[in-house]
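J.: After the structure tokens below, expect a handful of questions from me.
The values are calculated or read from the model by the stated rules, or taken from the named source; none is laboratory data. Small disclaimer: the values here were computed from a predicted structure and weren't measured. Heads up, the Cβs are rebuilt from the backbone with ideal geometry, glycines too, and the neighbour counts pull from every protein chain shown. For accessibility, only protein heavy atoms count, side chains too; no ligands or nucleic acids. Shrake-Rupley method; radii C 1.70, N 1.55, O 1.52, S 1.80 Å.
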Amino acid sequence: MNVIRLEETDSTNNYAKSHIGNLVDRSVVHALRQTNGRGRFNRSWVDLGDGNLFFSIVLKPSEYFNSVYTNITQYACLKLANIFENYGLNAKIKWPNDVMIDGNRKISGILSETVIEAGKLKGIVVGIGVNLNCKKDDVNNIKGRVATALNLETGSPVNMDKFLEEFLNEFFADYDEFLAKGFNYIRSEYIKKSCFLNKDLSVQVLNEIKFGYAKDVNASGELILETANDKDLVLTIGDIL
Ligand code: BTN
């Protein structure tokens, strides 16, 4: 595997996007420090010090866009949850791609971005941040969400290189099969690990908040919300509040 190791960068996603022409399919950009990490919805992803994980996987499945590519973040999230389980944690998925320990503490984040030039797909950048080795006060100070870190959950320091290798092996083990079969290939496993179904939810969708009962995740990975007037809302993007 082509792993590019950087001491420091602003964001591994930025690095991967700006070097996309020179990076082969399945390259990984890993940085020890990130000065301007980005999250979903223009949020930032703060570097909480040495021993935390920031990396981006560059994928070049084809020159043309396929709807299954929008599900890669969900696939990555399921694979992360599997790894946390291997460390003995109760990892749950919050739609679309957050892993929550015991369903209520965020431990990692995924930001996927696509690079398209002249109508052609240059690549997909799947950026992943994992709180591996944090101080309790630092995770408690993260604004807007309850967070945790793997070392705080297991009670011992985590070897970053080992974790990254375990994750990449897990990710690529059935990546080709996932691309061929789509979200349906992982749907039942994704649902089994979910912590948001069969509940009343508020979901931020762009500038609006939608309310409804989380009924299902369909074969395309969309969230089905049953609303007060018994109509189903099908959400492709959003942030469960
Ligand atoms: C989120 O939960 O909002 C997604 C956070 C994604 C953070 C990772 S860290 C590595 C990669 N580089 C970035 O700038 N962001 C992603």
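J.: Take the solvent-accessible surface of the protein heavy atoms, probe 1.4 Å, and return the percent of it on the stretch 200-240 that carbon and sulfur atoms account for.
T.: Working: 1180 of 2360 Å².
Exposed carbon and sulfur together represent 50 percent of the surface.
J.: Something else now. Enumerate the residues in the stretch 179-223 having an amide nitrogen under 12 Å from the point lying 7 Å beyond the Cα of N86 toward its Cβ.
T.: Correct set: none at all.
J.: Under DSSP H, which helices of the chain have Cα atoms covering 20 Å or more of the helix axis and a Kyte-Doolittle average no less than -1.0?
T.: 72-86
J.: Under 18 Å from the Cα of K135, which lysines turn up, not counting those fewer than eight places away in the same chain?
T.: Qualifying lysines at Cα under 18 Å: K106, K143.
J.: If you count the DSSP beta bridges with both ends in the chain, what percent of them are antiparallel, to the nearest 5?
T.: Values: 46 of 54 bridges.
The antiparallel fraction comes to roughly 85 percent.
J.: Order the following by accessible area, largest value first: S194, S112, S56, S44. Probe radius 1.4 Å; ligands, DNA and RNA are ignored.
T.: So the residues, ranked largest to smallest area, are S44, S112, S194, S56.
J.: Continuing with this model, one more query. Can you run phi through the Karplus equation (6.51, -1.76, 1.60; θ = phi - 60°) for the stretch 104-120 and list ³J(HN,Hα) in whole Hz, with x for Gly and Pro?
T.: Rounded to whole hertz, the list is 9, 10, 6, 10, 7, x, 10, 10, 9, 9, 10, 10, 10, 10, 6, x, 10.
J.: Per residue of the chain, what 222 nm ellipticity follows from adding -39500 (n - 2.57) for every DSSP H run with n ≥ 4, rounded to the nearest 500?
T.: It lands at -7000 deg cm²/dmol.
J.: Round to the nearest 10 and report in Å² the accessible area of L89, as given by a 1.4 Å probe over the protein chains' heavy atoms.
T.: Rounded to the nearest 10, the figure is 20 Å².
J.: Hey, which lysines would be in cross-link range of K181, C-alpha to C-alpha under 21 Å, not counting anything within fewer than 8 residues on its own chain?
T.: The reachable lysines, counting only those whose Cα sits under 21 Å from K181, are K60, K79, K192, K193.
J.: Taking the solvent-accessible surface of protein heavy atoms with a 1.4 Å probe, what is the per residue accessible area of the stretch 181-223 in Å²?
T.: Accessible area per residue, the stretch 181-223: 55 Å².
J.: Excluding the sites themselves, what is the longest stretch of the chain that contains no chymotrypsin sites (Phe, Trp or Tyr not before Pro) in a DSSP loop with at most 15 other C-beta atoms within 10 Å?
T.: In the chain, the maximal stretch lacking such sites is 88-241.
J.: Related question: Given a 1.4 Å probe and every protein chain left where it sits, what share in percent of the accessible area of the stretch 3-192 is carbon and sulfur?
T.: 45 percent
J.: Shifting gears a bit: Per residue, how much accessible area does the stretch 1-149 show when a 1.4 Å probe rolls over the protein heavy atoms, in square angstrom?
T.: 44 Å²
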